[in-house]
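Colleague: Shown below is the structure under consideration.
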Amino acid sequence: MRIGFFGAAGEVTGSCTLVDTGECRFLVDCGMFQGGREARTRNINALRFGFDVRAIDFVLLTHAHIDHSGLLPLLSVLGYRGPVYATPASIDLLHVLLRDSAHIQEKESEWQLRHRHRRDSQSRLQVQSPLYTVAQAETALKLLKAAPYRQAFHPVAGVSVSFHDAGHILGSAWLDVKVDHDGKPRHLVFSGDLGMRDRPVLHDPEAAPAEADLLLIESTYGDRLHRPLAETEDEIVAAIERTHQTRGNLIVPAFAVGRSQEIIFILADLVRRERIAPLKIFVDSPMATSATNITLRHPELIDQPTHELIDWMQGHRGKIRVDFIADVEQSRALNSVRSGAVIISASGMCDAGRIKYHLRENLPRSECSVLITGFQAAGTLGRRLVDGARTVNIFGEPVPVRAKIHTVGGLSAHADQNGLIEWLSGFHTPPKQIAVVHGETGASTAFAQAIETRLGWPRPLLPRHGEHIEL
């Protein structure tokens, strides 16, 4: 049996793992590379993938985030016609996320085409074609097949798969795969992205299985610990109070799925506990609006404290007002709001979507604040803000950064090192082979060392892009 790593190996984005049992071939995730100028080139190079797309028997999708799902349409364009298995909630989200991904690419290509003729010929923008169109995303969506939690199924003879709640975003899963290989059972476990325990909105991750022959474990925050939620709340309160005193706006870049809903929950809870004054929140992301509606359609995936807070919000509409912005004109109208607004908008790393317009309007204003609430990949606009850039480029134009940049570290949808070690402790015996993936090199290396020293397990592998391991 051969496992190939075609993304998220020595890096965070582009998750894509190929399993070749000798009798069948399947993918775990098919994600888009994100962050930096080279990301588009790498996504274009995925046209060659490194394997025969048409020889794939099935795809297993751990969750709907674009860095795990975003190249599914490209896979379809290249000839893949088999099933893509995901949880029902992930399928609902994918209908929003993949369409939105294609739509953003089409619109940015159109914008570049309109603006390529400039007075200064040296600064002409290069027009980039979309990786895939909305129509091609629609074709890929037809391949999705529902795989409910904890219900084992057989995508092909000799392979059993079950999805288990990973607590990362709505519908996220870690995968338990059993393969009958040459008469010998092989047990493979794929962590996907694991969430933190005791966090708002979602249930905690389900416990790890007792054993495995091979474990692929994520390491996004494998080299650090998140701040306690109470400290994070203090930081959010400080950002809101500072912005209120300076009479500015608070801009919150947030992933439309998961992070936006979590931020709404925390802000509402702070108002309920009277830690902050009543708030006016604008959620300016059609995708976040859709994701919130999808979340509410899956009450079985929401924890009890969130159900209680939703009931409170419905009975206290005067204390917290949440407006979901529908169309572009309403979004543009927010530019005239000069103070008192909390604007939550996607994308979470600031590289696409309406957040770029709000940053262009508010970054030059010293009375405003930006609240960074999640991981910012190297090369992204969000990472440049976190790193203290005094000027950034947005839509090809320089924008001065005078707004106060606040970074909070306790809201990550990813488990920190303690959370990952705690999940690994659920194994009764160490997996026979462990590959640490989905982390920048430093984080993955540190987490591999932590597995060895804290658990006393053999040193895990640190695969690189394009490498294979044998099982």
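The values are calculated or read from the model by the stated rules, or taken from the named source; none is laboratory data. These numbers were taken from a predicted model, which means no experiment stands behind them. With ideal geometry, Cβ positions are generated from the backbone for all residues, glycine too; neighbour counts draw on all protein chains shown. For the accessible areas, the whole protein counts, side chains as well, though only heavy atoms, and no ligand, DNA or RNA atoms are used. Shrake-Rupley method; radii C 1.70, N 1.55, O 1.52, S 1.80 Å.
Colleague: How high is the FRET efficiency from T441 to H316, r the C-beta distance, R0 60 Å, rounded to 0.05?
Modeller: The computed FRET efficiency comes out at 0.80.
Colleague: From the backbone phi of the range 108-115, what are the Karplus-calculated ³J(HN,Hα) couplings (6.51 cos²θ - 1.76 cosθ + 1.60, θ = phi - 60°) in whole Hz, Gly and Pro given as x?
Modeller: 5, 5, 5, 4, 5, 5, 5, 9
Colleague: Also: Decide, for the range 406-452, between rounded, prolate and oblate: order the square roots of the alpha carbon gyration tensor eigenvalues as a ≥ b ≥ c, take rounded if a/c falls under 1.5, and otherwise choose prolate if a/b is larger than b/c, else oblate.
Modeller: Numbers: a/c = 2.79, a/b = 1.61, b/c = 1.73.
Oblate.
Colleague: Taking H as built 1.01 Å from N, whose amide H comes closer than 5 Å to the amide H of I394, not counting residues under 5 places away?
Modeller: V399
Colleague: Estimate the FRET efficiency between T391 and E308 by the formula 1/(1 + (r/R0)^6), using the beta-carbon distance for r and 60 Å for R0, to the nearest 0.05.
Modeller: Here the calculated transfer efficiency is 0.85.
Colleague: Now for a different question. Under 5 Å between amide H atoms, partner at least 5 residues away or on a different chain: which partners does V370 have, H built in plane at 1.01 Å?
Modeller: Those qualifying (amide H under 5 Å, at least 5 residues apart or on another chain) are I251, K404, I405, H406.
Colleague: I want the local charge near L78. Using Cβ-Cβ distances under 12 Å, sum +1 for each Lys or Arg and -1 for each Asp or Glu among the other residues.
Modeller: Net local charge, L78 excluded: +2.
Colleague: With +1 on each Lys and Arg Cβ and -1 on each Asp and Glu Cβ, how big is the dipole of the range 1-141 about its Cα centre, in debye rounded to the nearest 20?
Modeller: 680 debye
Colleague: Taking amide H positions as placed 1.01 Å from N in the peptide plane, with prolines and chain starts having none, which residues 5 or more places from H181, or on another chain, fall under 5 Å of its amide H?
Modeller: Under 5 Å from the amide H of H181: R186.
Colleague: Once fully extended, how much extra length lies between L113 and K142, figured as 0.36 nm per residue of separation less the alpha-carbon to alpha-carbon distance?
Modeller: Gain on stretching L113 to K142: 7.4 nm.
Colleague: Grab the chain and count how many Lys pairs have their alpha-carbon atoms under 18 Å apart, sequence gap of 8 or more, or different chains. Kindly include the intermediate steps, with their values, before the conclusion.
Modeller: Numbers: K107/K356; K178/K432; K184/K432; K280/K319; K356/K404.
Qualifying lysine pairs in the chain: 5.
Colleague: Roughly what % of DSSP beta bridges within the chain run antiparallel, to the nearest 5? Please report the intermediate quantities before stating the final value.
Modeller: Numbers: 31 of 68 bridges.
Of the beta bridges lying entirely in the chain, close to 45 percent run antiparallel.
Colleague: Over the range 161-226, give the accessible area per residue in Å² for a 1.4 Å probe, as an integer.
Modeller: 31 Å²
Colleague: Expected output is a single nm value to one decimal: the length gained when fully extending between V328 and H298, i.e. 0.36 nm times separation in residues minus the C-alpha distance. What is it?
Modeller: Gain in length upon complete extension: 8.0 nm.
Colleague: When the accessible area of the range 235-340 is computed with all protein chains present and a 1.4 Å probe, what percentage of it is carbon and sulfur?
Modeller: Within the range 235-340, the accessible surface is 52 percent carbon and sulfur.
Colleague: What GluC sites (Glu not before Pro) does the range 293-381 have in DSSP loop regions with at most 14 other beta carbons within 10 Å?
Modeller: Passing sites in the range 293-381 do not exist.
Colleague: At q = 0.07, 0.11, 0.13 Å⁻¹, work out log10 I(q)/I(0) for the chain with the Debye formula, treating every Cα as an identical point scatterer and leaving solvent out; two decimals please.
Modeller: -0.35, -0.89, -1.24
Colleague: Calculate one ³J(HN,Hα) per residue across the range 372-380 by plugging θ = phi - 60° into the Karplus curve 6.51 cos²θ - 1.76 cosθ + 1.60, and present them in order as whole Hz with x for glycine and proline.
Modeller: 8, 10, x, 4, 10, 5, 4, x, 7
Colleague: Using a simple spin-label model with points 7 Å from Cα along the Cα→Cβ vector, what separation in nm is obtained for A152 and A378?
Modeller: A separation of 4.2 nm, rounded to one decimal place.
Colleague: Rounded, prolate or oblate: which one fits the range 320-456, using the alpha carbon gyration tensor with axes a ≥ b ≥ c (rounded when a/c is under 1.5, else prolate when a/b beats b/c, else oblate)?
Modeller: Verdict is prolate for the range 320-456.
Colleague: Moving to a separate point now. Could I have the simple spin-label model distance between E470 and R360, label points 7 Å from Cα toward Cβ, reported in nm to one decimal?
Modeller: That separation, rounded to one decimal, is 5.5 nm.
Colleague: Can I ask one more? Determine the per residue accessible area of the range 312-466 with all protein chains present and a 1.4 angstrom probe, expressed in square angstrom.
Modeller: In whole numbers, the range 312-466 has 44 Å² accessible per residue.
Colleague: Count charges around D323 for me, please; just the other residues with Cβ under 13 Å from its Cβ, Lys/Arg as +1, Asp/Glu as -1.
Modeller: Working: positive: K280, R317, R321; negative: D284, D327.
Here the charged neighbours net out to +1.
Colleague: Could I ask something else about it? Specify whether the C-alpha gyration tensor of the range 160-272 places it in the rounded, prolate or oblate class, a ≥ b ≥ c being the square roots of the eigenvalues: rounded for a/c under 1.5, otherwise prolate if a/b is larger than b/c and oblate if not.
Modeller: Because a/c hits 1.5 or more and a/b exceeds b/c, the range 160-272 counts as prolate.
Colleague: Given labels modelled 7 Å from the Cα in the Cβ direction, how far is it in nm from R247 to R272?
Modeller: So the label points at R247 and R272 sit 3.4 nm apart.
Colleague: Here's something else I'd like to know. With a cap of 15 neighbouring Cβ atoms within 10 Å, and only residues DSSP puts in a loop, list the GluC sites (Glu not before Pro) found in the range 207-292.
Modeller: Numbers: sites: E211, E218, E231, E233, E235, E241, E262, E274; in loops: E211, E274.
Those satisfying the criteria are E211, E274.
Colleague: Short version: ³J(HN,Hα) in whole Hz for each residue of the range 390-406, in order, from phi by Karplus 6.51 cos²θ - 1.76 cosθ + 1.60 (θ = phi - 60°), x for Gly and Pro, what are they?
Modeller: Whole-Hz 3J(HN,Hα) from phi for the range 390-406: 8, 9, 10, 9, 10, 6, x, 10, x, 10, x, 9, 10, 5, 6, 9, 9.
Colleague: Which percent of the accessible area of the range 128-218 is formed by carbon and sulfur heavy atoms (probe 1.4 angstrom)?
Modeller: Summing carbon and sulfur atoms, their accessible area is 50 percent of the total for the range 128-218.
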